[in-house]
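The values are calculated or read from the model by the stated rules, or taken from the named source; none is laboratory data. Since the structure is predicted, the reported quantities are computational estimates derived from the model, not experimental observations. Because the Cβ atoms are built from the backbone with ideal geometry, glycine has one as well, and the counts that use them run over all protein chains shown.
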């Protein structure tokens, strides 16, 4: 039997991890849109939750967030972290799991990455390569 090594590729998320991640994402988006989290910073921003990733043991959920316009990301993450205990309790009620996952909030960088790729594809050097055919 082969043992797992750190060099082995990461496994794809299971259906259960994806399903519970979506449930957490929906619950958090619902709480933010209804104003259930009483925090001035969160009340003054429209926040998008594009993705929630869970660890295989379902004990840690990484919540990717982005305020509309991409401004004030640090204060928004700090406000969510301040209210983590309340958010986790509300998520636990919804999920009906033995253990509610611990939540950590991170900036969603997919928009920045997509913009960077668009800029590269639109550069003169790439355009020159594609027109050489």
Next on the checklist: Within the stretch 63-82, does at least one residue satisfy the condition of being in contact with a strand residue (DSSP E or B) (Cβ under 7 Å, 6 or more places away or on another chain), surrounded by 10 or more Cβ atoms within 10 Å (Cβ to Cβ) and modelled with pLDDT under 80?
Outcome noted: no
Next on the checklist: Take the residues in the stretch 10-32 that are under 14 Å from residue 93 (Cα atoms) and in contact with a helix residue (DSSP H, G or I) (Cβ under 8 Å, 6 or more places away or on another chain); name whichever of them is surrounded by the fewest Cβ atoms within 10 Å (Cβ to Cβ).
Outcome noted: 23
Checklist entry - In the stretch 49-67, is there at least one residue being assigned to a helix (DSSP H, G or I) and without any contact (Cβ under 8 Å) to a residue 12 or more places away in the chain? => result no
Checklist entry - Out of curiosity, is residue 76 touching a helix residue (DSSP H, G or I) at 6+ places or on another chain (Cβ under 9 Å), without any contact (Cβ under 8 Å) to a residue 40 or more places away in the chain and in a helix (DSSP H, G or I)? => result yes
